[in-house]
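Worksheet for the structure shown next.
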2 protein chains.
Amino acid sequence: MNKKTITKPLDKFDRAILRIVQKDNKTPQRQIADIVHLSAAAVQRRIAAMEKSGIIKQNSAVLDVHAVDMNITAIVEVHLRDERIETVDLAKNLFKSTPEVQQCYYVTGGISFVLIIVTADVKAYEQITRRIFAQNDFIAKYRSLITLDRVKSGSEIVIP
Amino acid sequence: MNKKTITKPLDKFDRAILRIVQKDNKTPQRQIADIVHLSAAAVQRRIAAMEKSGIIKQNSAVLDVHAVDMNITAIVEVHLRDERIETVDLAKNLFKSTPEVQQCYYVTGGISFVLIIVTADVKAYEQITRRIFAQNDFIAKYRSLITLDRVKSGSEIVIP
DNA sequence: AATGAAATCCCAACGTG
DNA sequence: CACGTTGGGATTTCATT
């Protein structure tokens with residue numbers, strides 16, 4: 001299931017470019033070129049290559065959740081009834097296809113999944129939990145942690 | 001500390017635009033205009049306004065963590081020794097200023113904080129935990145959940 | 001809010017080390 | 001093979017109505 005992208009190791013320039021575009025991908029290529037000491041065309045080629053190879057997965061506008069009236073952020077620890085492969089895949093597909101589930105991690109340590117769910121209000125959150133957890137018998141139990149403060153929500157990766 | 005952005009309620013067009021640009025902010029404005037039935041100039045102005053008002057927090061290239069050799073993603077539940085405001089703020093600042101801590105949520109439900117930490121390997125992860133948790137006495141205990149699979153890692157918000 | 005002009009940016013082609 | 005330079009084409013931006 002993994003991308004069989006032949007990952008040509010990123011050199012110094014690629015990493016410098018990534019550090020910039022992950023903060024602001026609308027930075028003009030000319031300006032990037034200036035910073036990393038390359039021509040604009042070279043920057044363009046490298047970005048295109050990294051987009052094609054999947055190193056850059058997506059170019060997205062990051063929204064402020066409160067501004068779009070999504071006031072409930074919950075972290076949910078999910079325990080499956082068993083850890084058979086079919087059960088795990090069933091759960092993965094369920095979470096993947098549920099748009100309110102923003103993030104989903106399959107983890108070690110007793111818990112099976114950790115989800116991050118964002119909804120407009122508590123009512124919407126209750127509906128989601130009912131739809132997801134109560135109606136699927138392969139979920140043994142779950143625990144909701146409601147967020148009081150999104151201290152840090154960015155997704156910037158520290159490039160070595 | 002919160003942005004007191006005067007949230008002018010988003011209308012139908014704004015939401016339609018946001019749904020597009022959060023998936024791909026490099027979509028040509030002309031194409032956006034086509035979809036939402038507005039002129040390209042109108043789209044341009046609305047996007048600029050939403051960027052200025054903070055509804056669009058940033059425009060970023062989303063990287064594939066594995067491609068940039070960040071192979072450990074851990075979810076950490078942190079318990080503080082006490083819940084005094086000063087202690088909580090101390091912890092918040094610590095997590096905010098640690099770049100490996102990608103996400104940080106202050107939550108209800110017995111746990112104080114939930115962190116998402118991304119590092120290159122287990123060695124780097126151990127160093128981080130030692131630096132963060134062992135050296136700060138206001139942290140009572142913590143539990144690490146290592147992810148086996150990032151089933152869903154995007155941050156798309158479902159706009160009503 | 002729509003139109004058109006000017007500036008800017010992106011991208012392909014060519015030539016070089 | 002990757003870089004730099006150049007030029008055409010598209011896009012964003014701004015001024016005007």
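Given the conditions (1) at pLDDT below 90; (2) over 29 Å from A:Ala120 (Cβ atoms); (3) at the interface with another protein chain (Cβ under 9 Å from one of its Cβ atoms); (4) more than 16 Å from DNA strand D (Cβ to nearest atom), report the number of the one that A:Gly54 does not fulfil.
Condition (1) is where A:Gly54 drops out.
Go through segment B:1-119 and tell me which strands (runs of 3 or more DSSP E), entirely inside it, have 3 or more residues that are buried (at least 20 other Cβ atoms within 10 Å of the Cβ) and within 16 Å of DNA strand C (Cβ to nearest atom).
Details: elements: B:56-63, B:72-80, B:101-107, B:113-119.
It comes to B:56-63.
Is there a residue in segment A:10-21 that is more than 11 Å from DNA strand D (Cβ to nearest atom) and not hydrophobic (A, V, I, L, M, F, W, C)?
yes
When both residues are 6+ apart or on different chains and their Cβ atoms are under 9 Å apart, which pairs have a first residue that lies in segment A:36-61 and is in contact (Cβ under 8 Å) with a residue 40 or more places away in the chain and closer than 15 Å to A:Ile20 by Cβ, and a second that is open to solvent by 50 Å² or more (accessible area, probe 1.4 Å) and more than 9 Å from DNA strand D (Cβ to nearest atom)?
Going by the 9 Å Cβ cut-off, the qualifying pairs are A:Ile55/A:Thr5; A:Ile55/A:Thr7.
The values are calculated or read from the model by the stated rules, or taken from the named source; none is laboratory data. Values in this document were obtained by computation on a predicted structure and should not be read as measured data. Every residue, glycine as well, gets a Cβ built from its backbone with ideal geometry; the counts of neighbours run over all protein chains shown. Protein only, heavy atoms only, side chains kept; ligands, DNA and RNA dropped before computing areas. Shrake-Rupley method; radii C 1.70, N 1.55, O 1.52, S 1.80 Å.
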